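Step one of this worksheet: look at the structure below.
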Amino acid sequence: MVAGVTSPLRLTDIAAQAQVSEATVSRVLNGKSGVAAGTRHKVLAALDLLGYERPVRLKRRSNGLVGLLIPELTNPIFPAFAQVIEQALAGHGYTPVLCTQTPGGATEDELVEQLEERGVTGIVFLSGLHADAHADPSRYQRLAARGTPFVLINGFNEQVNAPFISPDDRAAAEMAVRHLEDLGHRRIGLAIGPTRYVPSARKEQGFVAACPSAEAEGLIQRTLFTVEGGHAAGGALLDRGCTGVVCGSDPMALGVIRAARERGLRVPEDVSVVGFDDSPLIAFTDPPLTTVRQPVRAMATAAVGALLEAVAGTPVQRTEYVFQPELVVRGSTGQAPGAG
């Protein structure tokens, strides 16, 4: 029996779940030294997964608060990022403060002000105003001047002196087009968000560079990053004879599939659709969605690492770190009608 732990707790179960020895579990639960941080995390995770309450001695004091600003929670890619970022921060002893923006709610600037009032150690911005080419970048310059460390994910502005973390959006669009081209598609459309946003503009550039059609510009629909936006864009592209559609997000791709079915078209027999993100559960749609996977874990971990380097006072390279996406082929893409 471990001191201070109630009788239902079984070291055997925790050791099996964490894939470590019972002796290691005992050292962690009794707060002993000599256990690697990664091993300690595995034991605590096993404790949580098995439903045991942590002993009081294991409840560490926070090193500080770190703000996490995201646009909203309805697109599943944002909660996916938030979860990894929060796990990484917690692993370093920081308490994450999640802030989301909703129509009519607090603005990014207001949320930053509230976080600074609470004395946050740093801030992570995900798909914020830094991704909007029309937004004033001076807000970030002022934040830096106040001495608040921050890192920015998904978006880039050369006027902001901070670390940026991005997927290679141009490569993502190019690989999606190449995939459809290899399947025999020659009339390929793009459903994308407004090009005032850097990720959209970059995907459009990649699409135009790779598209086999001389009419590439005429086969681009700029819309909202939602199912409804994809539905509207998909309808327009299908009416123009597209047999393949590349989308700027997974929800948009689901909207395109809905538009195809409303026209009596089958996916992928008549129309092939490619999403972007590979957000959770997207492999279980009907059909399972072919998509370009955004490397969420690698990007989120790098963002936290860069932020904590700045918090520690270590000079951080003020540049954009670009991560390579991956094409994940599933059931929503197939041979073009008449091809093969």
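All conditions in (1) surrounded by fewer than 17 Cβ atoms within 10 Å (Cβ to Cβ); (2) under 30 Å from residue 88 (Cα atoms); (3) of a type in the set (Lys, Arg) hold for residue 266, with the sole exception of (2).
Determine, yes or no, whether residue 187 is touching a His at 6+ places or on another chain (Cβ under 7 Å), open to solvent by 30 Å² or more (accessible area, probe 1.4 Å) and assigned by the TED database to the domain that holds residue 273. Spelling it out, it is not the case that residue 187 is touching a His at 6+ places or on another chain (Cβ under 7 Å), open to solvent by 30 Å² or more (accessible area, probe 1.4 Å) and assigned by the TED database to the domain that holds residue 273. Would you confirm whether any residue within the stretch 246-261 is in the same structural domain as residue 191 (by the TED database), among the polar types (S, T, N, Q) and surrounded by fewer than 24 Cβ atoms within 10 Å (Cβ to Cβ)? There is no residue in the stretch 246-261 that is in the same structural domain as residue 191 (by the TED database), among the polar types (S, T, N, Q) and surrounded by fewer than 24 Cβ atoms within 10 Å (Cβ to Cβ). Residue 201 meets each of the listed conditions (1) modelled with pLDDT under 95; (2) outside the structural domain of residue 115 (by the TED database); (3) small (Gly, Ala, Ser); (4) open to solvent by 10 Å² or more (accessible area, probe 1.4 Å) apart from (1). Flag not set for residue 209, criterion: touching a residue at least 24 places away in the same chain (Cβ under 8 Å), open to solvent by 10 Å² or more (accessible area, probe 1.4 Å) and under 18 Å from the mean Cα position of the chain (by Cα).
Note on the stretch 19-35: among residues that are modelled with pLDDT under 85 and of a type in the set (A, V, I, L, M, F, W, C), the one that is farthest from residue 51 (Cα to Cα) is 35.
Of everything in the stretch 174-191, what is of a type in the set (A, V, I, L, M, F, W, C) and free of Cβ contacts under 8 Å to residues at least 60 places away in the same chain? Give them in sequence order. Write out each step before concluding.
Narrowing the stretch 174-191 to residues of a type in the set (A, V, I, L, M, F, W, C): 175-177, 180, 183, 188, 190-191.
Matches in the stretch 174-191: 188, 190.
The values are calculated or read from the model by the stated rules, or taken from the named source; none is laboratory data. The model shown is predicted, which means the values in this text are computed figures rather than measured ones. Positions of Cβ are generated from backbone atoms using ideal geometry, with glycine treated the same way; all protein chains shown enter the neighbour counts. All accessible areas refer to the heavy atoms of the entire protein, side chains included, with ligands and DNA or RNA removed. Shrake-Rupley method; radii C 1.70, N 1.55, O 1.52, S 1.80 Å.
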